[in-house]
Amino acid sequence: MRVWIDVSNSPQVPFFRPLIALLRDRGHEVSVTTREYAQTTELLALHGIDHDVIGPRHGGAGAFGKSRAMAGRLRALRNYARGRGIDIALAHASHELPMVARSLGVPSAYAFDYEFARVQHGFGCRAARRVVVPDAIPQDRLDAVGAHGRKVRRYPGLKEEYYLHGVVPNPGVLAELGVGRERKVVIVRTPPDVSLYHREANPLFGDVVERLGRDPEVQTIVLPRTADQRAEIVARGLPSVLVPEHAVDAQSLVALSDLVVSAGGTMNREAVALGVPAYTTFAGRLGAVDTALVEEGRLRILTSADELRVEKRTTTGTPTERAPAIMLDLLLSALEW
C-alpha cells in the first residue's frame, strides 16, 4: 500500500515518527511532504525522515496571506500526488492534504486535538473520510467543523502519550547545548503568533521570559517557532536564557527538565505525559483536552510571572504507555466506509 503523509508544522513530526516506522514495518511504502515553516524540515532531518518540500512557505499571520499560500500549496500538492497511485493520505492538522486527496479520489484521515482552529478544521474535516480526535472533545464542537459522527474515531488520553511510547530520553541533549544540571532547567515554548486562532496579545509570555531569564538559579531554554521570535528573545540579552540556533530533540529536553512553560499546547501535553510540571500561558481559548488537564490538576494556568515556582526534580519523566499502533489503525480506518 502507498501511504502519503503531509507534515505542515513542527509538532506533527514527532506525531508521525513512530507511525511511519510502523507503516514501513508492515511493508507499506510511505512518502512524506512538508513545507518550509518553523523547524519542520530541520526536525524531519533530525529524525531521519525523508521528505519533499512542496509548495510555498507559510502565509504569515494575515488571512489574505494564508489564503494565497493555501491556494498555491493546494496546486503544488495536487501536482505532486497525481499519478503516484496513492492508496491513503494521512494528516494531523494539515488541512490541505485531505482537500487534495478528495479531489483525486484518495481516502484520507484527518486528526487534530485542538478544536477551536475552526477555519482549517472546517476544510480538513469536510474533505476527509475519517476524522480522528481525543475522547475529550465534545461531539457538538466537531459537528461545527463538519466532523459528523459517522466520520469520527476517538482515542483515549493524549496524542503525545502515543508517540512518546517507548521513547528513551537522550541524556546528552543538555550537554550538546552546554547546559549543566547544577541549575534548575526550564523549557519555554513561544506563542503560536502566526495562527488565526491565537490573535490575542500575550504580554505574559514576555514577563515569564524576563522573570526566568534573570534568575541565576535557573537555566531557561527557549524554543522559538520562527526566526523573528528567536531574534526578539536573543535581543533581550537575558543572562539565564539560551536559545538554540537549530531544531533540537525537544522530547528529550522536556523529559530532562524541571519545568515546562508553553504558550502553545503540544509541549505542555508532552510534559504532562512525561510527568513534568507544566504551566500554560496560552492566550487563546483552551480546548477540551487542556481544560480537562487543568481540571485534573495536571496542567496549571499561569496568570502572572510571579506565580512561577521552579523546583528541582529528582527523577526523569517516563511517558504513559499507549501503543502507537492504536493511533495508526484509527487513521487507517479511512480505508473503510
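The values are calculated or read from the model by the stated rules, or taken from the named source; none is laboratory data. Keep in mind that this is a model prediction, so the values were computed, not measured. Backbone-built Cβ (ideal geometry, glycine too); neighbour counts: all protein chains shown. In case anyone asks, the SASA skips ligands and DNA or RNA and just uses the protein heavy atoms, side chains included. Shrake-Rupley method; radii C 1.70, N 1.55, O 1.52, S 1.80 Å.
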Exercise for the section: Grab the alpha carbons of the stretch 161-276, take their convex hull, and tell me the volume per residue in Å³. Expected result: 107
Exercise for the section: Among PRO169, LEU90, SER257, flag the residue with its Cα farthest along the positive direction of the charge dipole of the chain, charges on Cβ as +1 for Lys/Arg and -1 for Asp/Glu. Expected result: LEU90
Problem - Prolate/oblate/rounded call for the stretch 123-188, Cα gyration tensor, a/c under 1.5 rounded - result: prolate
Completion exercise
In the stretch 220-327 the accessible area split gives carbon plus sulfur, as whole percent at 1.4 Å, a share of 51
Practice task
Could you tell me how many degrees, from 0 to 90 and to the nearest 10, lie between the Cα long axis of helix 12-25 and the main elongation axis, the longest principal axis, of the Cα atoms of the chain?
Solution key: 50
Exercise for the section: Can you work out the accessible area per residue across the stretch 1-155, with the rest of the protein chains kept in place, probe 1.4 Å, in square angstrom? Expected result: 40
Exercise for the section: Please go through the stretch 255-337 and write out the trypsin sites (Lys or Arg not before Pro) that DSSP classes as loop and that have at most 13 other C-beta atoms within 10 Å. Expected result: ARG285, ARG309, LYS312
Completion exercise
Most packed first (mean Cβ within 10 Å per residue), the peptides 116-122, 38-44 order as 38-44, 116-122
Exercise for the section: Enumerate the amide H contacts of GLU115 below 5 Å, restricted to partners 5 or more residues apart or on another chain; note that Pro and chain-start residues carry no placed amide H. Expected result: ALA288
Practice task
Calculate, for ARG82 and TRP337, the FRET efficiency according to 1/(1 + (r/R0)^6) with r their C-beta to C-beta distance and R0 30 Å; round to the nearest 0.05.
Solution key: 0.85
Problem - Within a Gaussian network of the chain (alpha carbon springs, distance under 10 Å), most fluctuating of ARG73, ARG82, ARG130 - result: ARG82
Fill in the blank from the handout: The helix 63-81 Cα axis meets the longest alpha-carbon principal axis of the chain at an angle in degrees, between 0 and 90 and rounded to 10, of 50
Handout entry: ³J(HN,Hα), Karplus 6.51/-1.76/1.60, whole Hz, each residue of the stretch 171-176, x for Gly, Pro
Key = x, x, 5, 5, 4, 4
Exercise for the section: Quick one: which residues, 5+ away or cross-chain, put their amide H under 5 Å from the amide H of THR33? H built at 1.01 Å from N. Expected result: ILE5, ASP6, VAL7, ASP52
Problem - HN-Hα J in Hz across the stretch 236-245 - Karplus 6.51, -1.76, 1.60, θ = phi - 60°, x for Gly and Pro - result: 5, x, 7, x, 9, 10, 10, 10, x, 7
Fill in the blank from the handout: Which residues qualify? For ILE301, with a placed amide H closer than 5 Å and at least 5 residues away or on another chain, they are THR280
Handout entry: Accessible area per residue in Å² at 1.4 Å probe, computed on the stretch 191-337
Key = 43
Problem - Stretch gain in nm, segment GLU295-ARG214, where the contour uses 0.36 nm per residue and the Cα spacing is subtracted - result: 26.0 nm
Handout entry: Under Karplus coefficients 6.51, -1.76 and 1.60, residue-wise ³J(HN,Hα) of the stretch 291-304 in Hz, glycine/proline x
Key = 4, 5, 5, 5, 5, 7, x, 8, 9, 10, 8, 9, 10, 8
Practice task
Could you give me the radius of gyration and the Dmax of the stretch 188-337, taking only the C-alpha atoms into account and expressing both in angstrom?
Solution key: 16.5, 59
Fill in the blank from the handout: Extension length gain for THR315 and VAL53 (0.36 nm per residue less Cα distance), in nm, is 90.4 nm
Completion exercise
Answer in debye to the nearest 20: the dipole magnitude of the stretch 277-337 about its Cα centre, from +1 Lys/Arg and -1 Asp/Glu charges placed on Cβ, is 260
Practice task
Per residue, how big is the convex hull around the C-alpha atoms of the chain? Give it to me in cubic angstrom, could you?
Solution key: 124
Problem - Test item: Cα-centred dipole of the chain, Lys/Arg +1 and Asp/Glu -1 on Cβ, debye - result: 1120
Exercise for the section: Can you tell me how much longer the chain between VAL119 and THR303 gets when fully stretched, taken as 0.36 nm per residue apart minus their C-alpha distance, in nm with one decimal? Expected result: 63.5 nm
Completion exercise
Ranked by GNM mean-square fluctuation in the chain (Cα springs under 10 Å), the top entry among HIS148, HIS92, HIS47 is HIS47
Problem - Calculated SAXS-style log₁₀ I(q)/I(0) at q = 0.13, 0.19, 0.21 Å⁻¹ - the stretch 1-148, Debye, Cα scatterers - result: -0.55, -1.22, -1.46
Practice task
Would you calculate the separation in nanometres between label points at SER103 and GLU42, each defined as 7 Å from the Cα along the Cα-to-beta-carbon direction?
Solution key: 3.2
Handout entry: Value of [θ]222 nm, deg cm²/dmol, for the chain, DSSP H segments ≥ 4, -39500 (n - 2.57) each, nearest 500
Key = -10500 deg cm²/dmol
